[in-house]
Amino acid sequence: MDVVIVGAGTFGGSLAWWLAREGHGVTLVDQFEPGDRRASSGGETRLLRCAHGEDADYTAMARRARTLWRELEAESDEDLFVECGYAWFARRDDGWEAASEPVLAAQGIPAERLDVAEVAGLYPTFRGDGLAFVLLEPEAGVLRAERSVRTLAAQAAAHGARILRARAVPNGRAAVLEDGTRLEGDVVVWACGPWLGTLFPDLVTLKVTRQEPLFLDGGPAWRAPLPAWCDYDAGRWGSADIDGLGVKAAIDEDGPPVDPDAELTGEALTEPQVRAYLRERFPALGDAPLLRTHACRYEITPDTHFIAAPHPEQPGVWIVGGGSGHGFKHGPALAERIVAALKGRAELPPHFALGERPNSRNLRTRGDGD
Ligand SMILES: Cc1cc2nc3c(=O)[nH]c(=O)nc-3n(C[C@H](O)[C@H](O)[C@H](O)COP(=O)(O)OP(=O)(O)OC[C@H]3O[C@@H](n4cnc5c(N)ncnc54)[C@H](O)[C@@H]3O)c2cc1C
């Protein structure tokens, strides 16, 4: 099978790696270098957790992806995943965290329910006000995002993929580059992140927003591999200082709408809310110096489920994206499923379809993804 993939983010890059290592012909095209900060997959880190409330399918996909990221590490000799654990700060006994527990248990994914008092020892400073319990996923952690995306493309190339830097537009079954080159294959996949809605306005509805994780200087105590965290009902999340980048903290609400091609500025619009939360939960971080912000784009589908589906009118053309703030970790596992579907060996779930997905349940039971 010869496959053209436009878009070298986590979705397109994973697909290129998967197909190339199976021996298929792959051409991977991107307007930027793989790992560029303007892509939704850009930025230094992304969290990887398996808990998805009641949703067993995303839970299993995240776990499978963790295994595949480890395979990519072994194959490339790159250090991509920091297994620091992931702590869910549960405000209710019947919320997202409690719903996740039986799903994780049924799939044999380690998770421990901790008393709030036990959690104090996990962080240099911690206050558990307002929390009912904490759910710790000890085998979750943080992916080095840009490095992971670059590694996907590099390993795809090592297995024979051709990597091109160019902007493409769809033309029937082909991808046409700015210099007029027509790329055709048995399959052409458009994995274009926030740009998908512009490329396929009749088929894809995405809300593209500006998000801004903040990086704070917490000092040496926060440079250990402490668990990443999410206070789901409060819409706050973060991770300790990985690679000296600073403690990462963000609010989990959709930011202002932004054009996919707009320059992303570095101002810290959410700093007051982030600091207010840190003062309450991790008092020592409340006044930690701000090192920088790294704005990037969410591309959110109306129900926050991904898109992975064939074009309704162009045989062999596929559209993949709609990461909706939680797509990064899933890249290699979603690629595996798409390849199985291309070969007719498995079907993708209806909530990955194009257009309206009337029976899908929005994954967000509180706010945004993480
Ligand atoms: C602040 C922030 C925090 C996040 N945190 C997490 C997290 O903790 N965990 C998690 O799992 N997910 C997280 N996400 C979501 C995740 O990063 C995205 O869902 C995922 O990276 C989307 O990947 P993608 O491959 O679909 O898109 P992209 O990474 O945007 O890749 C698309 C690529 O297509 C290229 N392209 C587009 N149009 C064209 C064209 N016409 N021609 C050529 N090339 C083109 C682009 O240049 C780009 O490189 C976060 C996102 C943000 C913004």
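The values are calculated or read from the model by the stated rules, or taken from the named source; none is laboratory data. Note that the coordinates shown come from a computational prediction; the quantities given were computed from them, not determined experimentally. For neighbour counting, all protein chains shown are included, and Cβ atoms are generated from backbone atoms with ideal geometry for every residue, glycine included. Heads up: the accessible areas ignore ligands, DNA and RNA and are worked out on the full protein's heavy atoms, side chains in. Shrake-Rupley method; radii C 1.70, N 1.55, O 1.52, S 1.80 Å.
Carbon and sulfur atoms: what percent of the 1.4 Å accessible area of the stretch 152-219 do they account for? Don't skip to the end; give the middle numbers.
Numbers: 1410 of 2960 Å².
Within the stretch 152-219, the accessible surface is 47 percent carbon and sulfur.
How large is the convex hull of the Cα atoms of the chain per residue, expressed in Å³ as a whole number? Show your work: numbers first, answer last.
On the way: hull volume 46.0 nm³, N = 370.
Residue-normalised Cα hull volume stands at 124 Å³.
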For the stretch 299-313, take each phi angle, set θ = phi - 60°, evaluate the Karplus expression 6.51 cos²θ - 1.76 cosθ + 1.60, and give the result in whole Hz per residue in order, putting x for glycine and proline.
-> 10, 10, 7, x, 10, 6, 7, 6, 10, 7, 7, x, 4, x, 10
For the stretch 43-53, 3J(HN,Hα) per residue [Karplus equation, 6.51 cos²θ - 1.76 cosθ + 1.60, θ = phi - 60°, Hz, x = Gly/Pro] | x, 6, 9, 9, 7, 10, 9, 9, 4, 9, x
Any chance you could look up the accessible area of Cys84 with a 1.4 Å probe, heavy atoms only, rounded to 10 Å²?
-> 20
Return a whole-number percent for the relative contact order of the stretch 252-370, with Cα pairs under 8 Å and 6 or more residues apart as the contact set.
-> 26
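Tell me, what is the FRET efficiency for Ala106 and Arg167 to the nearest 0.05, using R0 = 45 angstrom and their Cβ-Cβ distance as r?
On the way: r = 45 Å, r/R0 = 0.99.
Using R0 = 45 Å, I get an efficiency of 0.50.
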For helix 145-158, report the angle its Cα long axis makes with the longest principal axis of the Cα atoms of the chain; keep it between 0 and 90° and round to the nearest 10°.
-> 30
Distance from the Cα centre of the stretch 133-185 to that of the stretch 19-61, in angstrom?
-> 8
Theoretical gain in end-to-end length, Arg182 to Lys343 [0.36 nm per residue, Cα-Cα removed] | 55.5 nm
Rounded to a whole %, the carbon-and-sulfur portion of the accessible area of the stretch 1-43 at a 1.4 Å probe is 46
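Defining a contact as two alpha carbons under 8 Å apart and six or more residues distant in sequence, what relative contact order in percent does the chain show?
Result for the chain is 23 percent.
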Rounded to 5, the percent of DSSP beta bridges in the chain classed as antiparallel | 70
Which aspartates and glutamates have a Cα lying under 20 Å from the Cα of Lys343, excluding residues fewer than 8 positions away in the same chain?
-> Asp2, Glu22, Glu184, Asp186, Glu313
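What accessible area per residue, rounded to a whole number of Å², is obtained for the stretch 318-360 using a probe radius of 1.4 Å? Spell out each step's value before the answer.
Values: 1660 Å² over 43 residues.
Result: 38 Å² per residue.
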Among all the lysines, which ones have a C-alpha under 30 Å from Lys248's C-alpha, if same-chain residues fewer than 8 places away are not counted?
-> Lys207, Lys329
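Treating only the Cβ atoms of Lys and Arg (+1) and Asp and Glu (-1) as charged, compute the dipole magnitude of the stretch 260-355 about its Cα centre; round to the nearest 20 debye. Working shown, then result.
Details: 9 positive and 11 negative charges, 82 e Å.
Magnitude of the dipole: close to 400 debye.
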How much length is gained if the chain between Leu122 and Asn359 is pulled fully straight, taking 0.36 nm per residue apart and subtracting their Cα-Cα distance, in nm to one decimal?
-> 81.3 nm
Unit charges at the beta carbon, dipole of the chain: most positive-side option, Gly344, Thr67, Gly42 | Gly344
